[in-house]
Every structure is written in C-alpha cells, then in structure tokens.
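Structure first, then comments.
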Amino acid sequence: MENSEKTEVVLLACGSFNPITNMHLRLFELARDYLNGTGKYKVIKGIISPVGDAYKKKGLISAHHRVVMAELATKNSKWVEVDTWESLQEEWVETAKVLRHHQEKLEASSCDHQQDSPELDRPGRKRKWAEQRQDFSQKKSPEQTKTKGAPEVKLLCGADLLESFGVPNLWKSEDITKIVGDYGLVCITRAGNDAQKFIYESDVLWKHQNNIHLVNEWIANDISSTKIRRALRRGQSVRYLVPDLVQEYIEEHNLYSSTSEERNVGFILAPLQRNTADANA
C-alpha cells in the first residue's frame with residue numbers, strides 16, 4: 001500500500017509520568033512498529049501529555065517537574081514530543097476531552113494547510129480547484145476521504161489503563177465509548193495481563209474490538225513509575241531505568257522522598273470524586 005493511501009496516526013499517551021521511565025518511551029516505539037507493520041497506518045507523531053496537578057493522585061509531584069522530565073526524556077527524539085495543554089488546566093480534564101482537543105488541533109492544522117496550498121494562490125485557480133475538490137470528494141467513499149484528511153489520534157496505553165475501565169466510577173461509560181469508538185486504543189500488554197479476556201468480558205470493548213490494537217511486548221520489561229519512586233525513596237540507583245537526563249534532574253531537585261509520596265494523602269482521586277458526584281446527582 002502506498003504511503004498516500006495509509007491512514008496517518010498520532011499516538012497520544014496520557015498519564016502521570018511520575019516520573020517518566022524508559023518503558024514509557026518504549027511504548028511509543030512498540031506501537032509505531034506494530035501500526036506501521038500492518039500496512040494500513042503511518043505513525044507520524046507521538047505526544048506525551050502529563051496530567052495536571054488537580055488529578056490529586058497520591059505521591060504526584062508538581063506538573064512543572066513532570067513536564068520538564070518528559071521534555072528531557074524526549075529531547076533527542078525525532079518524532080515524540082511533550083504537550084503541556086493538559087498539565088496547565090486548573091481542573092482535571094477527562095482523557096476523552098484531551099483526545100478531542102488534539103484531534104481538533106490536527107484538523108485545524110490540516111485545514112490551514114489546505115488553504116495555504118500553492119495551488120490555491122495561483123490566479124484564476126480558486127474556483128476551479130474548489131470545483132475539482134468537491135467533485136473528487138463526492139466520488140470517494142467516507143473511508144477514502146478520511147485517509148486524505150487530518151491524521152487520526154489514537155490513545156496509547158498499557159494494559160493497566162485498559163483494565164482500569166472496569167473500576168467503578170473511575171471512567172464514565174460514555175467516555176469509554178468515545179475513546180474506543182471515536183479514536184481507538186493501542187494497548188501494549190505486559191506479562192501477566194490478559195487484555196484479550198478483559199475485552200471479551202466488556203460489552204463496550206467487545207463492540208469496538210476492531211478499534212483496539214493489542215501489542216505484545218515480547219521482551220519482558222516491568223519498569224514502572226511506582227517502582228522507580230520506591231527505589232528513590234530508599235536511596236537506590238535508578239540508572240538505566242529512566243533516561244540519564246531525567247535521573248540527573250531528579251537528583252538535582254531531590255524530587256522523590258517519603259515526604260513527596262505523602263502528597264495528596266486524604267484526597268479523593270479527581271475522576272472518582274467527579275464521577276461519584278455525578279452518579280449521585
């Protein structure tokens with residue numbers, strides 16, 4: 001399949017990134033290899049979107065530090081970047097809204113690109129171009145037209161996020177439907193996770209299973225931010241578990257300690273608080 005016929009994809013990873021680890025970065029590489037390997041997609045960009053402070057997760061350090069660490073981690077990447085929009089919001093933002101924000105941003109950029117096309121700037125060509133474009137779009141199916149438009153945003157995640165869909169009041173059912181139905185998931189599975197079984201047991205996920213891409217990580221890698229923080233609290237080395245620049249930043253600012261791990265203790269996680277309140281309203 002020619003590149004022009006492939007669906008362009010932007011991979012969006014939302015999360016705490018507290019701190020960002022080498023495994024977070026591996027998710028992007030694994031997902032890109034898988035999607036490009038299908039012959040149907042062309043991954044053009046990866047976006048890391050750290051959650052804002054209003055998420056209120058226990059041990060969550062300030063968004064400023066988490067964003068800086070993510071930027072340091074992707075400093076040498078040619079295709080993965082950090083977006084600060086979500087982290088700068090005063091209130092916690094649902095993942096479905098973050099996906100919508102980036103999809104609309106891509107569509108606006110695509111529209112501007114079409115308007116700025118040199119073909120449009122040539123005298124006497126505007127009307128003819130508009131007529132040709134209208135005629136062309138009428139001849140093509142919706143699926144064909146979609147591949148020619150803005151890239152599609154897909155949520156990149158691990159199996160733990162997929163399985164968190166089953167936690168009561170953590171997600172709105174309509175948001176889950178939007179995420180898997182309107183955008184799609186690329187889920188990297190860890191050893192011990194039975195993601196396929198979880199999809200089978202969920203009517204919503206089963207309905208949209210063709211829009212959920214499960215990618216097996218054959219090289220076992222159990223690095224997690226939780227384990228990184230635990231090691232740091234105990235004065236143990238985390239070298240080769242996080243990028244070197246991230247390790248240096250953590251040490252320079254003494255970011256993770258027993259004190260920082262107690263941050264937000266007593267607070268209810270933002271989605272649980274909001275969704276429980278909505279359910280009781």
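Report the full-extension gain for the segment VAL265 to HIS64: residue separation times 0.36 nm, less the Cα-Cα distance, to one decimal in nm.
70.4 nm
Considering only the other residues whose Cβ falls under 13 Å of the Cβ of PRO271, what net charge follows from Lys and Arg at +1 and Asp and Glu at -1?
Around PRO271, the charge tally is +1.
Rg (Å, one decimal) plus Dmax (Å, integer) for the alpha carbons of segment 1-102?
Looking at segment 1-102, its Cα Rg and Dmax stand at 14.6, 47 Å.
Gain in length, SER77 to ASN221, computed as 0.36 nm per residue apart minus the alpha-carbon separation, to one decimal in nm?
49.8 nm
If you take the charge dipole of segment 174-278 about its Cα centre, with +1 on Lys and Arg Cβ and -1 on Asp and Glu Cβ, which of GLN236, VAL265, THR177 is farthest toward its positive end?
The residue sitting most towards the positive pole is GLN236.
To the nearest 20 Debye, how big is the dipole of segment 167-278 about its Cα centre, given +1 on the beta carbon of each Lys and Arg and -1 on that of each Asp and Glu?
Around 240 debye, computed over segment 167-278.
Using R₀ = 35 Å, calculate the FRET efficiency as 1/(1 + (r/R₀)^6) where r is the Cβ-Cβ separation of GLN273 and ARG190; round to 0.05.
My answer for the efficiency is 0.80.
I'm a student and want to see the number: the projected area of the Cα convex hull of segment 149-281, averaged over all directions, in nm².
Projected area, direction-averaged: 11.7 nm².
Place a label point 7 angstrom from the Cα of LYS40 along the Cα-to-Cβ direction, then list the residues of segment 194-223 whose backbone nitrogen is under 14 Å away.
So the set is 208-215.
Every number in this text was worked out from the coordinates using simple rules, so none of it is lab data. In this text the structure is predicted, and so the values were computed from the model without any measurement. When we count neighbours, we look across all protein chains shown, and the Cβ atoms used for this are built from the backbone with ideal geometry, even at glycine.
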